[in-house]
Amino acid sequence: MSIVTRLARLRENMAEHGLDYLLVTQPENRVYLSGFPDRDPSAGWLLVGVQSGFFLTDFRYVEAVRAGVRGLDVVLATPRLSDALVALLGQVPAGRLGFEASHLTFEQHRELAERLQGQHELVPTTGLVEALRQVKDSDEIAAIAAAVELTDRAYEHAVGLLRPGITEKQVAWEIEKYMREHGAEGVAFEPAVAAGPNSAVPHHSSTDRPIGEGEPVWIDCGARLNGYCGDLTRSFCLGRADARFQEIYDLVLKAQLVAEAGLRAGLTGVEGDALAREVIAAAGYGESFGHSLGHGIGLAVHEAPRVSRTGTEVLVAGMVTSVEPGVYIPGWGGVRIEDVAVVEEGGIRVLTRAPKQSIIG
């Protein structure tokens, strides 16, 4: 989908909300609407009007923006983005100016309101651009698939290096190093490796703890390639697994497979989440599955939709989501298995290909 088409769809959303202008400050939203890949929050703001659009940026980025952005007029901000914005708004008819309430800071809002002196009505908005980003076109799905494929390869590379005594941080670095050496522009998030009791923490950060034989381990990683993210989690034991680990691993895998067989366009996030949650709850581990089954993946590794106990959005074809049930027991460890899948009319298409093995080595 071209930038021109994305901007046209945004303008339709703006019209539905009675907006004359929208100030876009969220980095991934700016990337989506401009094609300019830099995610630095200071790289620029967009001002989208009913018939016009502007990319405000400073001296550091202006030449790159001019060379790479189409469909938006480039404005050199001197000395600050807010100065350029106020000057630009002073040259256009008064109207309702939407801003991204979840991203524009209180201080930025206060300054803007004071300087506009009522010329434009400031209107908080939520999710106008994110709603467009939820449904991916074929090029976006291809980009995500490539990021997922690189993520799979990085994980399999790391698996080949595993041995008792290697630390969580060493494995995490090998994953990141592989991704960068094989084309990634970066990681979607810091690779996380959790061993033993650390694996009971769903968002554990890798440490210098050595990985021991026979203890629960999970690896969570994702490459960023061509702007889009991959995401993968695999759980296993090195060398051997006891009955407790095998029981929980089999349960989590069953929950995932049930969810992957049942997810499809037309379900709400709540209904999708329940597919896996009911399996885990029936086995007596419902309280140990405390996070959502899935989240959208695209320019950001966590975005809409949410396949969760509170996810009211209806899944539609073209959405991309993770499918990642987990069970976590403090003091012992945890198991999470995660794939990335594309929602289609009759089901989902799983993009992830990394093997699922309860025992490695």
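Worth pointing out:
- Here, the chain has an Rg and a Dmax of 22.6, 71 Å when only alpha carbons are counted.
- Extended-chain gain in nm, criterion 0.36 nm per residue less alpha-carbon gap, L122 and A67: 16.6 nm
- Sum of side-chain charges, V4 neighbourhood, beta-carbon under 12 Å (Lys, Arg +1; Asp, Glu -1): +4
- Listed peptides 332-345, 197-210, 166-179, 111-124 appear in the order 332-345, 166-179, 197-210, 111-124 once ranked by packing, highest mean of other Cβ atoms within 10 Å at the front.
- Rounded to the nearest 20 debye, dipole of segment 138-360 from Cβ charges on Lys, Arg, Asp, Glu: 360 debye
- Span-like helix ranges in the chain, DSSP H, alpha carbon extent 18 angstrom or more, Kyte mean at least 0.5: 269-282
- Modelled spin-label separation between S82 and K254, with each label point placed 7 Å from Cα along the Cα-to-Cβ direction: 5.7 nm.
- A DSSP coil position with no more than 13 other Cβ atoms inside 10 Å describes the following chymotrypsin sites (Phe, Trp or Tyr not before Pro) in segment 1-70: F59.
- The protection proxy used here, the mean number of other Cβ atoms lying within 10 Å of each residue, ranks peptides 92-99, 214-221, 4-11 as follows, highest first: 214-221, 92-99, 4-11.
- Calculated mean residue ellipticity at 222 nm for the chain: -11000 deg cm²/dmol, from DSSP H runs with n ≥ 4 weighted as -39500 (n - 2.57), summed, divided by the residue count and rounded to 500.
- Around the Cα centre of segment 234-361, unit charges on the Cβ atoms of Lys, Arg, Asp and Glu (plus for the first two, minus for the last two) sum to a dipole of about 320 debye.
- The lysines whose alpha-carbon is closer than 17 Å to the alpha-carbon of K169, local same-chain residues fewer than 8 away aside, are K177.
- Taking one quarter of the surface of the convex hull spanned by the alpha-carbon atoms of segment 230-342 gives a direction-averaged projected area of 7.2 nm².
- Per-residue Cβ neighbour rank within 10 angstrom, fewest leading, H103, H17: H17, H103
- For q = 0.12, 0.22 Å⁻¹, Debye-computed log10 I/I(0) when each Cα of segment 3-133 counts as one equal scatterer: -0.39, -1.52
Each value in this text was obtained by applying a stated rule to the coordinates, not by laboratory testing. This is a predicted model, so every value here is computed, not measured. Every residue, glycine as well, gets a Cβ built from its backbone with ideal geometry; the counts of neighbours run over all protein chains shown.
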